[in-house]
Amino acid sequence: MKLLLVEDEVRMADALSELFRQEGYDVDCFYRGDEGWNALKTGVYDGAILDVMLPGLSGFEITEKCRKAGNLTPILMLTAKGELEDKITGLDAGADDYLTKPFQPGELLARVRALCRRTASSWDGMISFGDLQLHKDTLMLHCITNSESVRLSDKEYRILEYLASNQCRILTKEQLAVKIWGYENEAEYNKVEVYLSFTRKKLAFVNSAVEIKAVRGVGYELRWSHE
């Protein structure tokens, strides 16, 4: 699961990032609201945790821009303010949940788990698309029409999971790079096509009717040729 954390208190941001990583989340952290918005609008995150008072853009402004753009990423607002008016403002802007500082780490993690369950069809261990089943615990790719199976690498699994979780959407190379390797890891950008090639070979190995199609000048999508 990939999370976005936007918090301008550096020590708190770093502590929360480490907390999430210890729980198995992949976290991108930013200290400014405008940087957080640029990351969030890529659409690659399973959940976002936003402080309200941020330089550049406030958490309220990020949330409002996100929803106006049609981005449905679940958002949890963090703030030192506990007034009802601020909670109403955040929820009216489109936030899904609200947690007031100070808070217990256990409560934050519980809120984030609840938030991410709304979008993660693979969180229960398996995701399906066409004639394929992806098994999270074993990284196995299974074709249900012929019972062929093959083990995926971590990157191959995450590519297929991301494509299958965004059915009917074309994902850009940038979105794939950010989702799989991280927002600022430009060195990995050129590896997208390499790992797409590896993943296509695994699909061919199990004789699946599902293909990763390149849409010229746009990106990639999963297609199921089931006729």
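Could you list which residues have their amide H under 5 Å from that of residue 131, counting only those 5 or more apart in sequence or on another chain, with H placed in the peptide plane?
Amide H neighbours of residue 131: 209, 210.
Normalised by the residues of the chain, what does the relative contact order come to in percent, with Cα pairs under 8 Å and at least six apart?
Working: 377 pairs, mean separation 31.4, N = 227.
Reported relative contact order: 14 percent.
Counting Lys and Arg as +1 and Asp and Glu as -1, what is the net charge of the other residues whose Cβ lies under 12 Å from the Cβ of residue 108?
-1
In degrees between 0 and 90, to the nearest 10, how far off the longest principal axis of the chain does helix 84-93 point, with axes built from Cα atoms?
30 degrees
Tally Lys and Arg at +1 and Asp and Glu at -1 over the other residues with C-beta under 10 Å from the C-beta of residue 223: what net charge comes out?
-1
Provide the FRET efficiency to the nearest 0.05 for the residue 128-residue 197 pair, computing r from the beta carbons and using R0 = 25 Å.
Computed FRET efficiency for residue 128 and residue 197 comes out at 0.60.
Can you give the charge dipole size of segment 12-66 about its Cα centre, rounded to the nearest 20 debye, using +1 on the beta carbon of Lys and Arg and -1 on the beta carbon of Asp and Glu?
Values: 4 positive and 11 negative charges, 29 e Å.
That gives a dipole near 140 debye.
Distance between the C-alpha centers of segment 194-211 and segment 129-147? Whole Å please.
For segment 194-211 versus segment 129-147, the Cα centre distance is 12 Å.
Based on DSSP H runs of at least 4 residues, each adding -39500 (n - 2.57), what is the mean residue ellipticity at 222 nm of the chain after dividing by all its residues, to the nearest 500 deg cm²/dmol?
Taking each H run of at least 4 residues, the total per residue is -11500 deg cm²/dmol.
Once both labels are modelled 7 Å past Cα along the beta-carbon direction, what's the residue 21-residue 68 spacing in nm?
Distance between the two pseudo-spin positions: 3.5 nm.
Near residue 101, which lysines are there with a Cα under 28 Å away, not counting those fewer than 8 places off in the same chain?
Candidates past the 8-residue exclusion: 2, 41, 65, 68, 81, 87.
Taking 0.36 nm per residue of sequence separation and subtracting the Cα-Cα distance, how much length would be gained by fully extending the chain between residue 140 and residue 34, in nm to one decimal? Please report the intermediate quantities before stating the final value.
Values: separation 106, 0.36 × 106 = 38.16 nm, distance 3.90 nm.
Contour length minus the Cα-Cα distance gives 34.3 nm.
Report the net charge of residues surrounding residue 58, where surrounding means a beta-carbon distance below 10 angstrom and charges are Lys +1, Arg +1, Asp -1, Glu -1.
Once all neighbours under 10 Å are counted, the net charge is -3.
Values in this text are rule-based calculations from the coordinates and carry no lab data. Treat the numbers as computed from the prediction; the structure is a model and nothing was measured. Cβ: placed from backbone, ideal geometry, glycine included. Neighbour counts: every protein chain shown.
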